[in-house]
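The values are calculated or read from the model by the stated rules, or taken from the named source; none is laboratory data. These numbers come from a predicted model, not from an experiment. Every residue, glycine as well, gets a Cβ built from its backbone with ideal geometry; the counts of neighbours run over all protein chains shown. Surface areas here come from the heavy atoms of the whole protein model, side chains and all, with no ligands, DNA or RNA. Shrake-Rupley method; radii C 1.70, N 1.55, O 1.52, S 1.80 Å.
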Amino acid sequence: MTITATLEVFRCGPGGTDRRFEEHEVTVHDDATVLDAIEAVWARHDRSLTFRHACHHASCGTCGILVNGVEALPCIADLSEALRQRSPVRVEPLRNLPLAGDLTVDVAGFFDRMRASTMTITRTAEDRLPIPTDGGDLRARPVEVADGLARFNRFENCVECGICISACPTMATDDRFRGPAMLAALARARVETDDPQERERLLDLADGEHGVWRCHGAWECTTRCPQQVDPAESIMQQRRDLLRRRLRGRVR
Amino acid sequence: MGRPRVIVIGAGSTGAATAHDLALRGVDVVVVERGEVASGTTGRNHCLLHSGGRYCVTDDEAGIECIDENLALRRIMPDLLELNDGLFVATTEEDLAYKDAFLEACARCHIPARELEPDRARQLEPFLTPDVLAAVQVPDGVFEPYRFCLAFLATAQANGAQVRTFTEVVDLDSTNGYVTGVTVVDRLTGRTDTLGADLVINAGGPWAEHLASMAEVDVPVSPTPGVMVTMGRRLNNMVINRLNVPSDGDIVVPQRTTSIIGTTSWSVDDPDHIPIPADHVTRMLDRGRDLLPEIAAASIRGVMAVARPLISKPGVDARLVSRTFECFDHKADGVEGFVTISGGKTTTARAMAEKVADIVCGKLGVDAPCRTTDIPLVDHRRFHARS
Ligand SMILES: Cc1cc2nc3c(=O)[nH]c(=O)nc-3n(C[C@H](O)[C@H](O)[C@H](O)COP(=O)(O)OP(=O)(O)OC[C@H]3O[C@@H](n4cnc5c(N)ncnc54)[C@H](O)[C@@H]3O)c2cc1C
Ligand code: SF4
Ligand code: FES
């Protein structure tokens, strides 16, 4: 079974010039995602359309856009559902990140911040095989085991999609705000490290005028995050940790 | 004379690892990729860091290649791997009969393996079927294909390589039987450019045949897609495999918040358009449930399909074609300065890169050994970051 959908696609020229919407009608499988429809526009109508995609199952974080005005990963956004909300389905690039072309944004500044967070995505089996690795530091440690499968979900679930940046009203008014993803990553990296100095350094990074105190508490990051990372809660947690540190008189 | 310049077409795992290897050897590398990094086959694969267990019984060569590369990747990208191990699980008498051959093959291919009591396996994996009759633990793991490629490319960049995404090769330029470069269209600006090179490497995955046809040569790459179904919950810690010969729906790879069931195998002509057959999805769910019954209660998060760039062998079923790789120096077809690398897996990308870089360096007179087994890759985020 197939469905026919019209997409209203944001287009622009080099450097964000000549901004406009273009309509394209595509026929795709009735289980198609919004990304499948965008890919069909590219494959069958217009090879010049630029959009980012890799994994098609919400794990690489590249494909983030606005679908009908709301941040989403189109690779897991159901096309029929999007059509029910609005026809034609409107697709646009993320907000609060510089436009690179069509549905593509420049993520350099975002990755600068994620890099500074030093968070890694490593994890290891609970009952590991002894593997010869020529002595290299694998940096992987067994996971703390709690009951149930919640233990399988950790901050490393952040796919660095930038959706929380786009959804954040503070980001729109202060481009030096570290932003929900980096602040959440700092909190996670702090849980991971055993080094007390590194823990202090990470907490320092979350502090300051453009750090956790700048957040207005709109909670949009947590609402839109496709991976249930809950950046807003980790911002609030770090505020509590910073207050506690101040109370202990450790602030310089 | 300056450093020789090589253009690598494709920023999937093969192109990314190749760029890194050549840049380390002092070659001036330019990578051109028509879309985002890993937007071809690599990005959409199963994310399995193979231990070799899936191949060792029928294909020693592929089994050994996998475990060797698995260990090398643990050294060079420790931050990017989930070292979860894998379980090969028997649920039928037929599976059970396969166990001895499996353990022997693991030993033959030096794949560390240990048998777990079914109760212990169930304790480690609470959602594993109660029908488990035997379980063998092997060092499978999980990578994230996009970041896998970014780490290789970021390291290549740190060693001087240029990476141009959204840059599509529309022609290969040649004079007198020598490929001299490529004609590209920059999709962000619409500009057409020609880029000169001493040699061009075709790492175009399932598009390799199309790219080779631009130089009027043929490579026996057959696009062989597979369907994967991603569940909305993570249901396993280790990679769960059926303890038997590879077949449809016999593996569930856990990744972040999801579990991915795979995979089928069929043939297509055009890897740009892979319509997903509905019955493949149902088959994945049915077979996946045999291993993890809880799949029945979970929602589907995504369904995807991509084509393996398998090196086809006339008259051999795609499932049985070796998963190893091949490098084609098109000098043999009367075209100089053009080499194709294809086949293999993301797990073996580093080894593929070593092979093609050895050949390319030999042709260009670059006398530098491969150093990629030991040098740790830089943070994948450096690919996009400015600092
Ligand atoms: C269903 C399935 C599951 C798999 N699971 C696993 C797994 O779990 N683990 C594992 O190790 N391996 C797995 N593999 C194998 C692995 O994915 C592939 O062997 C590997 O990704 C191939 O990488 P590549 O770089 O050769 O090809 P690709 O990743 O396809 O890269 C080729 C690149 O060339 C680009 N390109 C094409 N034409 C042009 C052009 N004209 N100009 C510029 N660029 C161009 C494409 O955009 C593409 O990015 C799986 C394969 C399939 C099909
Ligand atoms: S915190 Fe969530 S929304 Fe923000 S980048 Fe990570 S996954 Fe995306
Ligand atoms: S394509 Fe990877 S998150 Fe959507």
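The table that follows gives values for the structure above.
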quantity: Separation in nanometres of the label points that stand 7 Å from Cα toward Cβ, at B:Ala368 and A:Phe21; calculated: 5.1
quantity: Debye equation applied to the C-alpha atoms of region B:138-292, log10 I(q)/I(0) at 0.16, 0.20 Å⁻¹; calculated: -1.06, -1.24
quantity: Of every Cα-Cα pair in region B:97-157, the percent that sits beyond 17 Å; calculated: 58
quantity: Calculated from backbone phi, Karplus (6.51, -1.76, 1.60) coupling profile of region A:11-25 in Hz, x at Gly/Pro; calculated: 10, 7, x, x, x, x, 6, 6, 6, 7, 10, 10, 9, 9, 9
quantity: Region B:1-77 and region A:49-84: distance between their alpha carbon centers, rounded to Å; calculated: 27
quantity: Inter-chain Cβ neighbour average for residues B:146-157, partner chain, 10 Å; calculated: 2
quantity: Debye-sum result for region B:1-132 in log10 I(q)/I(0), which assumes one identical scatterer on each alpha carbon, at q = 0.17, 0.18, 0.19, 0.20 Å⁻¹; calculated: -1.04, -1.10, -1.17, -1.23
quantity: Region A:198-252 - Rg over Rh from alpha carbon coordinates, Kirkwood radius; calculated: 1.02
quantity: Virtual spin-label span in nm between B:Tyr178 and B:Arg108, 7 Å along Cα→Cβ; calculated: 4.8
quantity: Per-residue mean of C-beta atoms belonging to partner chains within 10 Å, peptide A:156-166; calculated: 2
quantity: Fraction of antiparallel bridges per DSSP, region B:1-151 only, in percent to nearest 5; calculated: 70
quantity: Chain B - Rg over Rh from alpha carbon coordinates, Kirkwood radius; calculated: 0.98
quantity: 10 Å Cβ neighbours from other chains, averaged over peptide A:44-54; calculated: 5
quantity: Rg [Å, one decimal], Dmax [Å, integer] - region A:10-94, C-alpha atoms; calculated: 12.2, 36
quantity: Antiparallel DSSP beta bridges within the protein assembly as shown, percent to nearest 5; calculated: 70
quantity: Under 5 Å, built H, 5+ apart or other chain: amide partners of B:Leu172; calculated: B:Thr183
quantity: Alpha-carbon Debye profile of region B:77-183, log10 I(q)/I(0) at 0.11, 0.22 Å⁻¹; calculated: -0.62, -1.19
quantity: Tilt relative to chain B, helix B:278-291 - C-alpha long axis, 0 to 90 degrees, to 10; calculated: 50
quantity: Rg to Rh quotient for region B:1-74, alpha carbon positions, Kirkwood Rh; calculated: 1.08
quantity: Probe 1.4 Å - accessible area at A:Phe110, Å² to nearest ten; calculated: 10
quantity: Carbon and sulfur %, accessible surface of the protein assembly as shown computed with the full protein complex present, 1.4 Å; calculated: 48
quantity: Gap separating the Cα centres of region B:161-224 and region A:159-183, nearest whole Å; calculated: 38
quantity: Pair A:Leu247, B:Ala278: separation of 7 Å Cα→Cβ label points (nm); calculated: 6.0
quantity: Calculated P(r) tail over 19 Å for region B:203-317, as whole % of Cα pairs; calculated: 51
quantity: Translational diffusion of the protein assembly as shown, µm² s⁻¹ [Kirkwood Rh, Cα pairs; Stokes-Einstein; 25 °C; 0.890 mPa s]; calculated: 97
quantity: Label zone at B:Asp333, where the point sits 7 Å out along the Cα-to-Cβ direction: region B:162-178 residues whose backbone N lies under 13 Å; calculated: B:172
quantity: Antiparallel bridges, percent of DSSP beta bridges restricted to chain B (to nearest 5); calculated: 70
quantity: Mean residue ellipticity (222 nm) of chain B, computed from DSSP H runs ≥ 4 via -39,500 (n - 2.57), nearest 500; calculated: -8500 deg cm²/dmol
quantity: Euclidean distance between Cα centres, region A:1-22 to region B:244-291, Å; calculated: 32
